[in-house]
1. Set Lys and Arg Cβ to +1 and Asp and Glu Cβ to -1, take the dipole of the chain about its Cα centre, and tell me which of PRO87, ASN168, SER131 lies farthest positive.
2. For segment 39-171, how big is Rg over Rh, using alpha carbon atoms and the Kirkwood form of Rh?
3. Keeping the other protein chains in place, figure out the carbon and sulfur percent of the accessible area of segment 47-128, with a 1.4 Å probe.
4. Pick from ILE72, ILE86, ILE206 the residue whose mean-square fluctuation is largest in a GNM of the chain, springs joining Cα atoms under 10 Å.
5. Work the Kirkwood hydrodynamic radius out for the chain: mean of 1/r over every pair of different alpha-carbon atoms, inverted, in Å.
6. Sum -39500 (n - 2.57) across every DSSP H segment of at least 4 residues in the chain, then divide by the residue count to get the 222 nm mean residue ellipticity, nearest 500.
7. List the trypsin sites (Lys or Arg not before Pro) within segment 110-204 that fall in a DSSP loop (any state other than H, G, I, E or B) and whose Cβ has at most 11 other Cβ atoms within 10 Å.
8. With a 1.4 Å probe and every protein chain left in place, tell me how much accessible area HIS88 has, in Å² to the nearest 10.
Amino acid sequence: ITDIDDIKTKITIATNSQTAIRREQLQAMTEFQKTLENYYGTYRGIDQIYYERRPGQYQSNASIKRSRIITISNQIKAFGSMYLEIPHLVTTYIGTVVRDYIEIENPKIFNSLHRPIWYYMSALAFNRLDSLFRLRTIAPEYQKFKWFLIMIFGKQNNLGKSVISRMNSEKISNQLCEPIIQILLDDTQYKLALIKSAEILASTGIDLLNKQLLKSSEITDKISVAMRKTP
């Protein structure tokens, strides 16, 4: 009945969130998602990545490699790991993350006041890490822990929970993000940084073959301790 788009979207999300449609996919209809998709498009050249707001939207474009496409799900996981420090949740409980961090009155992820550059930066970090796994520059056994590695990379660059309150300012966001984006656009720098992330994870002494650890905040806590000891 209503003609107000924002209300229409909220009704659609509320009435479909328990269906076979994945909760994160319902976010595609929000205005912030459209803003995010457009922002990704401002980056051009060989380092461009593409935000897949709608599932399969780049399927017919053979010029776009699948490895350069960031899904809504991976965007949530990258953002949640790098800034909210919840890699243990995004790894196995994505539905819970959507419910508790997005489908709330003041979202911690996909907040309409957040500057898009933060989302692009976390996704770019994931894209670069993924490329190192494909090239086997980082050993395959670390792949299950990729969101923990994204958190470590963020903490190496003074990111994490402390930056959430600063995401609404365009000036501050650009000042903080642009130097890190330059690291991620430099083959040598991002490779060294992400290899260092894997070394920090290894220094915690966790069993990389134990999948049960992925569900626990224990690793997150051990990483914080290890990083305080890392020069």
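1. The listed residue farthest towards the positive side: SER131.
2. 0.95
3. It is 45 percent, rounded to a whole number.
4. Of the options given, ILE206 has the highest mean-square fluctuation.
5. Taking the inverse mean of 1/r over all distinct Cα pairs, the chain comes out at 18.3 Å.
6. -15500 deg cm²/dmol
7. ARG136
8. Surface accessible to solvent at HIS88 totals approximately 20 Å².
The values are calculated or read from the model by the stated rules, or taken from the named source; none is laboratory data. Computed from a prediction, not measured in an experiment: that's the story for all the values here. No Cβ is skipped: glycine too gets one built from the backbone with ideal geometry, and neighbour counts run over all protein chains shown. We work out accessible area using only protein heavy atoms, side chains counted, and drop any ligands, DNA or RNA first. Shrake-Rupley method; radii C 1.70, N 1.55, O 1.52, S 1.80 Å.
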